[in-house]
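Below is one structure, written out as structure tokens; the observations come after it.
The values are calculated or read from the model by the stated rules, or taken from the named source; none is laboratory data. What you see is a predicted model, and the numbers here were worked out from it, not measured in a lab. Cβ atoms come from the backbone with ideal geometry, glycine included; neighbour counts cover every protein chain shown. Just so you know, the surface numbers come from the protein's heavy atoms only, side chains and all, with ligands and any DNA or RNA stripped out. Shrake-Rupley method; radii C 1.70, N 1.55, O 1.52, S 1.80 Å.
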Amino acid sequence: MRSSVRRTRDAGGGLPVGEDRGVTDDSGHPQDAHQVPDVGVGPWPGGPDAWPDDPRYDPELLAHGDRRNVVDAYRYWTVEAIVADLDTRRHPFHVAIENWAHDLNIGSVVRTANAFNSAGVHVVGRRRWNRRGAMVTDRYLHVHHHPDAAALATWAAGAGPGGTRLPIVGIDNVPGSVALETHVLPPRCVLLLGQESTGLTEGAQAVCDVVLHITQHGSTRSLNAGAAAAIAMHTWLVRHG
């Protein structure tokens, strides 16, 4: 997103382990639990005879330990069980980001959307994106793809409860944009961000109900797109979470 902020004239759960340190394989299981003995949890004490009789638990993690970047309540759970539990309490806002130049900020946006338990993440434009910055958190989210902003708008037209429309709220510093801190975000909506360098495209702006900017008080003209997304999501949570 080129510039999701506007200057003003006034002066004025769990440990980050496992996937962050590259010791898990693609299924989330540790490659070698002895590589990082100071993080996460080791094998379930007492061996197989003491394992919980609960289908949510992963036998491999119980046997070898859980070094993933998950909160303690989800230790030893399968990915599918964690997703199912998160689905019972997702927040009803979605996050969308345009992806025309393989924006590296998408991973950061996805990770933050996971932290705030967003209903979903939508990649608009190129389907491929660098997942390294997401720290594998995309496994616990519902990630969707739309070829362009018009397709996102078509999806949003019937994505609300009972097939109602979800408003699309753009986040960018463009002429006519409104200060985020002065606007009440809808209880159900899509937060749409643009590329780091170019901001929201004209097509994306056209499908937005409103475009908001984040007021800035320093000398730089813009915020990192990942940071802007985090501010927008947290603003929604302060109001509705």
Q: Would you be able to tell me the number of residues in region 34-88 that are outside any loop (DSSP other than H, G, I, E, B) and over 18 Å from residue 137 (Cβ atoms)?
A: 10
Q.
Being farther than 19 Å from residue 121 by Cβ, among the polar types (S, T, N, Q) and open to solvent by less than 70 Å² (accessible area, probe 1.4 Å) is the filter here; which residues of region 187-241 pass it?
A. 205, 215, 216, 222
Q: Working only within region 32-88, note down all residues that are of a type in the set (S, T, N, Q) and either at pLDDT 95 or above or farther than 19 Å from residue 134 by Cβ (or both).
A: 35, 78, 88
Q: Restrict the check to region 111-118 and report whether at least one residue is open to solvent by less than 30 Å² (accessible area, probe 1.4 Å), of a type in the set (A, V, I, L, M) and within 21 Å of residue 229 (Cα to Cα).
A: yes
**Q.** Which numbered condition residue 149 fails, given (1) at pLDDT 95 or above; (2) closer than 19 Å to residue 228 by Cβ; (3) surrounded by fewer than 16 Cβ atoms within 10 Å (Cβ to Cβ)
**A.** (3)
Q) Among the numbered criteria (1) open to solvent by 50 Å² or more (accessible area, probe 1.4 Å); (2) touching a Leu at 6+ places or on another chain (Cβ under 7 Å); (3) among the β-branched types (Val, Ile, Thr), which single criterion is violated by residue 143? A) (2)
Q.
Tally up the residues in region 89-127 that are among the charged types (D, E, K, R) and part of a strand (DSSP E or B), please.
A. 1
Q.
I'm trying to understand the selection: among the residues of region 152-179, which are part of a helix (DSSP H, G or I) and either open to solvent by less than 10 Å² (accessible area, probe 1.4 Å) or within 30 Å of residue 80 (Cβ to Cβ) (or both)?
A. 152, 154, 155, 156, 161, 162, 163
